[in-house]
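Peer 1: Questions regarding the structure given below will be posed in turn.
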Amino acid sequence: MPKIVTIEQMRKIEAATDKAGVTYAMMMEHAGRAVAEEIVARLGDIKERKITILSGPGNNGGDGLVAARILAEAGATVSAYLSKMRDESDENLAKARESGVFVVDGENDQRWRVLKNLTSGAEVVVDALLGTGAKLPVKGKMEDLIVQVARGLKDRAKRPLVVAVDCPSGLDCDTGTVDPVTLAADFTVTFAAAKHGQLRFPAADFVGDLSVADIGVPADLAQLGDVKVDLASREIVRDILPHRPRNAHKGTFGRAIVVAGSINYTGAAFLSGAAAYRVGAGLVTLAVPMPLYAALAAQLPEATWIVLPHEMGVIAPGAVDMLADELDEAQALLIGPGIGQDKATREFVRKFLRAEEGKKGRIGFLQASTSGESKAEAIKAPPMVVDADGLRLLAEIDGWPGVLPPNTILTPHPGEMSALTKMEKDAIQVDRLGSAQKFAAEWGHVVVLKGAFTVIAAPDGRATILPFATPALARAGTGDVLAGAIAGLLAQGLAPYDAAVAGGYLHGLAGELAADDLGTTASVIAGDVLDALPMAMASTTTD
């Protein structure tokens, strides 16, 4: 399971791995081989292809020399440009030379003539100059070298494939800040675990595609330093998704009730309900204001319906009893997409959550009997998801975390998170992971902080970051698809945190697949993301 670590945590993991018998030299061999294999996987046949390795003085440069040797042994024409010549006793340098790598001492390269020649003719440029522990700003000869490389790449008619070893040189792997001279990579091969800075902006724009390579770290040491942050992956989600037995019936996969929509936001109900079906829920019931029913029933004939009383096309307070009567037959409840923030709906939400002083809403029975009701009167709480307008209305209720069933899934974007926390949106964005973890623990609920590299945090301190940052999802309605997908997985019996991780991953992957299908991120709309969910499911669950 890929982890996300700080630089200091990575140092501790490497030291413990070395002590356990997987030496630094062995880890370097694994790292260099992983880089070489990734290049081969991208290019296919590399025989006689020109590859230039930019090798720094530290371990990162050593990784680069290992990659140079392996690529040369595979038939590529490889040059290694060393920013500083290594001692002749360096084993990786000797092996690189023996394999036919052309080694250049950059300290003796007058006016960068050799460097310019190597970068101008290379099909692949590998950045192995500075590792994750490099201090910014980049200065001196290293700064000059990187500037020359950047100029050479800019002057070329066709940019070569640029590969970063562990991280692009000039990038702070803790904070995500970048030096002005940082080389942008097409893809980065990082080792053992992703680094926090690689999943933050502006650094993420320089990382390109990120892959995490195994360098021999024992599984038990990956948790060293109290590492609780995971990077979501296809393998993780495949293990999470519920099994679908051949002798299943619709009840096997649960019922999700989706309370959504208003006269101005009819589509939100459709997107959420259809998404819950697309991820495998057995039955989806849409609870919508009566004026929406006819249009939505024609779009989603597979759904069942709770037609709610309304006031001018929005959910009215009188809908509470009708809805509550259905809860004991549901395995998941989603409330919020497109319900609006009108006065009538505000009163409905407060009454539904039993938040009005002196009044009792049926949802209040979902809590432990604190007001004297008998157990016979209690209704078992279906796991809940609160999204969109539901979050805005929730934020207006004093002590709102306590009126929700424990581990309710909250799916705010930064603006909604600001409303819930009373923090400035910019402050939340500065530390998205920390904000999500802090309030998940404080509230006792699962937080899905949406945005580039969505953060999912559990009350117990666990967190997962999704590996997606695409403008394909920067469209109205895509959040409704996400909420529905999470509710659909919740209905199938997944724990709230697992449902949030799996639903978020499938949604992000669907956004990328939709963009690939259309050929551009600009044209992706929420319906395209919905339509791509089956492809996301298929690519996640099949080898």
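The values are calculated or read from the model by the stated rules, or taken from the named source; none is laboratory data. Since the structure is predicted, the reported quantities are computational estimates derived from the model, not experimental observations. With ideal geometry, Cβ positions are generated from the backbone for all residues, glycine too; neighbour counts draw on all protein chains shown.
Peer 1: So, in segment 325-350, exactly how many residues are crowded, with 18+ Cβ neighbours inside 10 Å and either part of a loop (DSSP other than H, G, I, E, B) or of a type in the set (Gly, Ala, Ser) (or both)?
Peer 2: Qualifying residue count, segment 325-350: 10.
Peer 1: So which residues in segment 132-153 are touching a helix residue (DSSP H, G or I) at 6+ places or on another chain (Cβ under 9 Å) and not in a helix (DSSP H, G or I)?
Peer 2: Within segment 132-153, Thr132, Gly133, Ala134, Pro137, Val138 qualify.
Peer 1: Only one of (1) within 19 Å of Arg238 (Cβ to Cβ); (2) hydrophobic (A, V, I, L, M, F, W, C); (3) in a helix (DSSP H, G or I) fails for Leu494. Which number is that?
Peer 2: Among (1) within 19 Å of Arg238 (Cβ to Cβ); (2) hydrophobic (A, V, I, L, M, F, W, C); (3) in a helix (DSSP H, G or I), Leu494 violates only (3).
Residue-by-condition table, conditions (1) outside the structural domain of Thr190 (by TED's automatic domain parsing); (2) farther than 16 Å from Asp127 by Cβ; (3) part of a helix (DSSP H, G or I):
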site: Ala31; (1), (2), (3): no, no, yes
site: Glu37; (1), (2), (3): no, yes, yes
site: Glu48; (1), (2), (3): no, yes, no
site: Leu54; (1), (2), (3): no, no, no
site: Gly64; (1), (2), (3): no, no, yes
site: Val78; (1), (2), (3): no, no, no
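Peer 1: In segment 260-306, what residues are among the aliphatic types (A, V, I, L, M), buried (at least 24 other Cβ atoms within 10 Å of the Cβ), over 25 Å from the mean Cα position of the chain (by Cα) and assigned to a loop (DSSP other than H, G, I, E, B)?
Peer 2: Within segment 260-306, just Ala260 meets the criteria.
Peer 1: Is it the case that segment 198-216 has a residue that's within 30 Å of Gly280 (Cβ to Cβ), touching a Ser or Thr at 6+ places or on another chain (Cβ under 9 Å), touching a residue at least 24 places away in the same chain (Cβ under 8 Å) and not β-branched (Val, Ile, Thr)?
Peer 2: yes
Peer 1: Additional query: Quick one: count up the residues across segment 227-259 that are more than 26 Å from the chain's Cα centre (by Cα) and either in a loop (DSSP other than H, G, I, E, B) or not assigned by TED's automatic domain parsing to the domain that holds Val501 (or both).
Peer 2: Count: 6.
Peer 1: Tell me whether segment 212-224 contains one or more residues that are modelled with pLDDT under 95, closer than 24 Å to Ala436 by Cβ and surrounded by fewer than 17 Cβ atoms within 10 Å (Cβ to Cβ).
Peer 2: Within segment 212-224, one or more residues are modelled with pLDDT under 95, closer than 24 Å to Ala436 by Cβ and surrounded by fewer than 17 Cβ atoms within 10 Å (Cβ to Cβ).
Peer 1: Cβ-Cβ below 9 Å, separation at least six or inter-chain, first residue in segment 329-343 and assigned by TED's automatic domain parsing to the domain that holds Phe253, second of a type in the set (Lys, Arg): which pairs?
Peer 2: Taking only residues 6 or more apart or on different chains, the pairs are Glu329/Arg255; Ala330/Arg255; Gln331/Arg255; Ala332/Arg255; Gly336/Arg392; Gln341/Arg392.
Peer 1: Provide a single number: the residues in segment 135-166 that are in contact with a strand residue (DSSP E or B) (Cβ under 6 Å, 6 or more places away or on another chain) and among the hydrophobic types (A, V, I, L, M, F, W, C).
Peer 2: Of the residues in segment 135-166, 5 are in contact with a strand residue (DSSP E or B) (Cβ under 6 Å, 6 or more places away or on another chain) and among the hydrophobic types (A, V, I, L, M, F, W, C).
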